[in-house]
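> One structure coming up, written as structure tokens, with questions to follow.
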Amino acid sequence: MQGNILLALAAALMWGGGDFSGGMGVKTVGGSVGGALRIVLMSHLTSFSILLTIALVHGTPFPHGAVLAWGLGSGVIAGLSLTAFYIALSRGAMGASAAVSGLLAAAIPAAVSIIVDGSPGLVKLAGFIVAGAAIWMIAAGPDKPGAGKATGRGTMLLASLAGAGFGIYFVGLKMAGSSGPVWTMAMCRMGSLSICSLMLMGLLLKGGTDKVQVTWTAVRWVLLTALMDTSGNLLFVAATQAGRLDVAAVLASLYPATTILLAAWTLHERPTRRQGLGMLVAAAAVVMITL
């Protein structure tokens, strides 16, 4: 099995764990947009501090030029996309939002890679399509009862914008990856911290007060989120440098399976039959992509 395939699958495991712990952290602070922004800021600040320390200790030169622009821009897009995604989820249409964003996050970098690098072959292309079906089946669970208005055009627009942003973020990580995984992620964190701080300031100025209590339980979830999300991003950057972007992006976008399995293990939330079938389809997609 190719190295970038293993790295991308490892990234999916880490990202799924990061989403689970991040969701638990947001839940502990009340589930509001302000609470979500605080969780994101604390998580990204933690990871940025560690990444910056590693880069300085190793004496790696600070990136500049186009690489720096790609890194910072990717971080800004990631911050905006994550906020849009959280807002879509907060409206109740979690399954549809996750499915739409997951498909776009995989499709955009795959399309870019095919245009730039050429076709990966018919079997891999078929594998990408099968993986897209698996993402939809795993992520698109039933919405919350009584959330009939949640699947409106506004919510789906937010989910689509979030997915498109995630896809562009994946491409940006590839473009900035020549600076090395550590500086690439440090630059991204600079961008996301800047934009998320501005959004939180705007939210506070607009609403006056935002009563969010950050407990030690939330802090523990934040630390776990920082560890897993940063590890996933580093693995993804390494995957894009070791092989094709489309292979890395499609396989890494299978991360909802990890989130579902963690919820089943820790919260005793049984996967639906469609989700279980989707995981089998995902396994078939992985086999096809590795051929």
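The values are calculated or read from the model by the stated rules, or taken from the named source; none is laboratory data. As the structure is a prediction and not an experimental result, all values here were calculated from the model. Reconstructed Cβ throughout: ideal geometry from the backbone, glycine too, with neighbour counts over all protein chains shown.
> Among the residues of segment 164-174, is there at least one that is under 17 Å from the mean Cα position of the chain (by Cα), β-branched (Val, Ile, Thr), closer than 30 Å to residue 277 by Cβ and part of a helix (DSSP H, G or I)?
No.
> Cβ contacts < 9 Å: first residue farther than 20 Å from residue 192 by Cα, restricted to segment 55-72; second residue assigned to a helix (DSSP H, G or I) and at pLDDT 90 or above, any location; separation 6+ or different chain. Result?
Within 9 Å, the pairs are 58/182; 60/54; 60/182; 60/183; 61/183.
> So which residues in segment 27-54 are in contact with a Gly (Cβ under 8 Å, 6 or more places away or on another chain) and over 18 Å from residue 220 (Cβ atoms)?
Passing the criteria: only 34.
> While we're here: Taking interchain pairs and intrachain pairs at least six residues apart, which have beta carbon atoms under 9 angstrom, with the first residue in segment 108-122 and more than 21 Å from residue 290 (Cβ to Cβ) and the second aromatic (Phe, Trp, Tyr) and surrounded by 15 or more Cβ atoms within 10 Å (Cβ to Cβ)?
Pairs that qualify, where the first residue is more than 21 Å from residue 290 (Cβ to Cβ) and the partner is aromatic (Phe, Trp, Tyr) and surrounded by 15 or more Cβ atoms within 10 Å (Cβ to Cβ), are 108/166; 108/170; 112/170.
> Here's a follow-up. What's the total number of residues in segment 170-211 that are without any contact (Cβ under 8 Å) to a residue 12 or more places away in the chain and of a type in the set (Val, Ile, Thr)?
1
> Quick one: which helices (runs of 4 or more DSSP H) lie wholly within segment 199-291 and hold at least 3 residues that are over 30 Å from residue 184 (Cβ atoms) and in contact with a Gly (Cβ under 9 Å, 6 or more places away or on another chain)?
Because the criterion is at least 3 residues that are over 30 Å from residue 184 (Cβ atoms) and in contact with a Gly (Cβ under 9 Å, 6 or more places away or on another chain), the helices (runs of 4 or more DSSP H) in segment 199-291 that meet it are 273-290.
> Is it the case that segment 147-162 has a residue that's modelled with pLDDT of 90 or more, over 19 Å from residue 55 (Cβ atoms), in a helix (DSSP H, G or I) and β-branched (Val, Ile, Thr)?
Taking every residue of segment 147-162 in turn, none turns out to be modelled with pLDDT of 90 or more, over 19 Å from residue 55 (Cβ atoms), in a helix (DSSP H, G or I) and β-branched (Val, Ile, Thr).
Each row is one residue, and each column tells you yes or no for (1) among the basic types (Lys, Arg); (2) in a loop (DSSP other than H, G, I, E, B); (3) closer than 22 Å to residue 253 by Cβ.
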{"residue": "24", "(1), (2), (3)": "no, no, yes"}
{"residue": "44", "(1), (2), (3)": "no, no, yes"}
{"residue": "48", "(1), (2), (3)": "no, no, no"}
{"residue": "55", "(1), (2), (3)": "no, no, no"}
{"residue": "85", "(1), (2), (3)": "no, no, yes"}
{"residue": "106", "(1), (2), (3)": "no, no, yes"}
{"residue": "120", "(1), (2), (3)": "no, yes, yes"}
{"residue": "124", "(1), (2), (3)": "yes, no, yes"}
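> Inspect segment 236-247 for any residue being closer than 21 Å to residue 107 by Cβ, among the aromatic types (Phe, Trp, Tyr) and modelled with pLDDT of 90 or more and give the result as yes or no.
Yes: one or more hits.
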